[in-house]
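Notes for the one structure printed next.
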Amino acid sequence: MSTDARRAALWLLLGLFVLRVVGQIVVGLLSPAWLPPWREWYSGLLPYPLLLPAQLALIAWMVALNVQNTTGTGRWRVESPRVRRVLRVLAGLYAGAMLLRYVLTMVLVPEMRWLHGTIPIVFHWVLAAYVAVLAASYDDRMT
């Protein structure tokens, strides 16, 4: 993956996740008709008063990762081949687990077919893609 493509992908995936978090907040507060209802955004696996701060902390950490991995400086710069390998494996396991979650949801909860309740799953795939891009090799001349 080229340096520019990696930089762009990191920021794009972060932006998508930010839109998801903002979308859920808007739906929770305002319930606009042009956005899917709350039950589509929230799986209920983690109480929302805990989920939102965790999402905001994750966004802050992703911003720090992006800045450091696009400027080529800082403690969170992913440059070690071993770390990249571990991140690739984790990204694959994460995406696979979300695929299994999707399949099980479709099989075990027929009223959820096919797209209902999938917003959380899709955005877990966004996060898995983020980890995969973070793990991608890059040109060491990033400055």
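In table form, for the structure just shown:
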quantity	calculated
Residue tally, condition modelled with pLDDT of 95 or more, surrounded by 15 or more Cβ atoms within 10 Å (Cβ to Cβ) and small (Gly, Ala, Ser), over region 49-73	0
Residue within region 92-108 that is within 18 Å of the chain's Cα centre (by Cα), among the aromatic types (Phe, Trp, Tyr) and modelled with pLDDT under 95 present	yes
Residue in region 79-94 that is exposed (fewer than 12 other Cβ atoms within 10 Å of the Cβ), out of contact with any strand residue (DSSP E or B) (no Cβ under 9 Å at 6 or more places or on another chain) and basic (Lys, Arg) present	yes
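The values are calculated or read from the model by the stated rules, or taken from the named source; none is laboratory data. Worth saying up front: this structure is predicted, and the values here are computed from it rather than measured. Virtual Cβ from ideal backbone geometry, glycine too; neighbours counted across all protein chains shown.
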